[in-house]
Structure formats: structure tokens, C-alpha cells
Amino acid sequence: MTGASSGIGEAVAARTAGDGHHVVAGARRTDRLHALAERTAEAAARSGGSLHPVRLDVTDRADVAAFVGSARERFGRVDVLVGNAGVMPLSRLDALHTDEWDRMIDVNVRGLLHGIAAALPVFTAQGSGHFVTVASTGAHEVVPTGAVYCATKYAAWALTEGLRLECDPSVRVTTVSPGVVTSELADSITDEYTAQVMREYRAHAIPPEAVAGAVSYALAQPADVDVNEIVVRPVRQR
């Protein structure tokens, strides 16, 4: 599980540990990961699951490879990779926040590719596995101020769909595309105009636990059922 220190990642890590999975939770903010492990320890223990915090920078290919490798070494196999890490510093293209464009590409696209490169050989060798990509409704529409962010989420959708088409059927593939969710994503917006627009746009949001429920559903299906895509958004989002 990447990007597990807050928002959707935190909720998915907590839910899946509570469902009985052994979760290796990766993020840069290890203090938050350790706090999450403490909060979920009782529920995880009741279900037979667990949550293990690991520092992870998804923009570092070697770091992601070591993350997947350590999970395999600890448990003997890796059944699921949830690619959730993402950033969203939105702005109009003419604002020319090129450093922020690069950051979104590095985390949202390259970070996802690093996870695929690390986990795909493992899944192929063991004859089973499940990729879950957390994309966005931005993978299906472009909105003003969101051109680069939406481009990265279109890429996330395309990469995951490509996996589905190319992988052996023993490897399942799911894209979950959330709409407006209560999270820290909008806190990274530095452009003042966009920040004001987002305060209005994000007035109606669903909790990250709603997305965690969608991931839990996809993981719980029998081996011959592949839930390819789920879109989850507030009823008032159009």
C-alpha cells in the first residue's frame, strides 16, 4: 500500500488490515504510519490481520523495489499492490508552475510505474496477484486548473488498463476512481485562484472510508472475478 499516511491511503490500509490482510503500509511520513499501526492494532488482531509501517518514496525506483521485496521476504508472497500515492497541486497552465507539474508526473505516473515494475515479476512468478490503482474522476474528464493532474490520472487509468490487457488472467487489475474526497490533497495547492475555486468545488465530499469500502469489495471477490473499475463520488458531484 503506497501513500498510506493520510486520506484514502490511510483509510484503505486501516480497512484492509481490519479485513484480515497483512498490510505493509508505505509513505514518507513514518510518524503517521506508526500512529496508524497503533490505532488499527486491535481491529487487525481480531481479524488475523496486521499493519506494518515502512518508509517509502515512490519516486525512487530502488526504494519501491526494496519495499515490495521486503514485503515478500516478510510474508513469503505479495498478493496485492495498492498504488495510491498521489499529489494534486492544481493550477492553470498559464500560471506556469512547472515544478509542480514535474512533481505530479513524478509521483502520480512514475511512482505508479515503479510499483508495477517491482510487483509484476513477483505476481508472474507466483501465478497470482492483484494491482489496485487509485486514480480519480479526473481520469475521465478534464477540468480548468486540472490539466496536468488529469493528464496524470488519465495515464494512471491507461497504465492499469494496459496491465489488464497484457497480464495473464491470474493477475487481477482494478482501477478505483474517486471523486471529491475529504483528504489533504487540496492542501498542496499553492495557486491562490485555484485554492479559492477548490474550496467551493470541494464543499461536498465523501469520507475516504467510502473509497476504502470499494477497494475492500474488489479484493474480496473470488479469484475468477476481476472488478476492473469502480467510480466512487459524492451524489452531488456532477
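The table for this structure:
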| item | result |
| --- | --- |
| Any hit, segment 76-85, residues being of a type in the set (Gly, Ala, Ser), more than 19 Å from Ser6 (Cα to Cα), open to solvent by 30 Å² or more (accessible area, probe 1.4 Å) and modelled with pLDDT of 95 or more | yes |
| Criterion (modelled with pLDDT under 95 and not polar (S, T, N, Q)) met by exactly one of Val132, Val143 | Val143 |
| Selection status of Arg110, surrounded by 24 or more Cβ atoms within 10 Å (Cβ to Cβ) and touching a residue at least 24 places away in the same chain (Cβ under 8 Å) | no |
| Residue match in segment 191-211 (condition: surrounded by fewer than 21 Cβ atoms within 10 Å (Cβ to Cβ), at pLDDT 95 or above and aromatic (Phe, Trp, Tyr)) | no |
| Residues of segment 24-48 classified as closer than 30 Å to Ala62 by Cβ and outside any helix (DSSP H, G or I), total | 6 |
| Members of segment 86-100 that are open to solvent by 50 Å² or more (accessible area, probe 1.4 Å) and not in a loop (DSSP other than H, G, I, E, B) | Leu93, Asp94, Thr98, Asp99 |
| Residue check for Gly9: within 21 Å of His130 (Cα to Cα) and either over 18 Å from the mean Cα position of the chain (by Cα) or at pLDDT below 95 (or both) | no |
| Every pair of residues 6+ apart whose Cβ atoms lie under 6 Å, when the first sits in segment 10-35 and is at positive phi while the second is part of a helix (DSSP H, G or I) and surrounded by fewer than 16 Cβ atoms within 10 Å (Cβ to Cβ) | Gly20/Ser47 |
| Matching residues in segment 1-23 - criterion: being in a strand (DSSP E or B) and either of a type in the set (Phe, Trp, Tyr) or open to solvent by less than 20 Å² (accessible area, probe 1.4 Å) (or both) | Thr2, Val23 |
| Test: residue in segment 148-170 that is touching a Lys or Arg at 6+ places or on another chain (Cβ under 7 Å) and of a type in the set (A, V, I, L, M) | no |
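The values are calculated or read from the model by the stated rules, or taken from the named source; none is laboratory data. Just so it is clear, the structure is predicted and the values come from calculations on it, not from any experiment. All Cβ positions, even for glycine, are placed from backbone atoms using ideal geometry, and neighbour counts span all protein chains on display. SASA here: full protein model, heavy atoms, side chains in, ligands and nucleic acids out. Shrake-Rupley method; radii C 1.70, N 1.55, O 1.52, S 1.80 Å.
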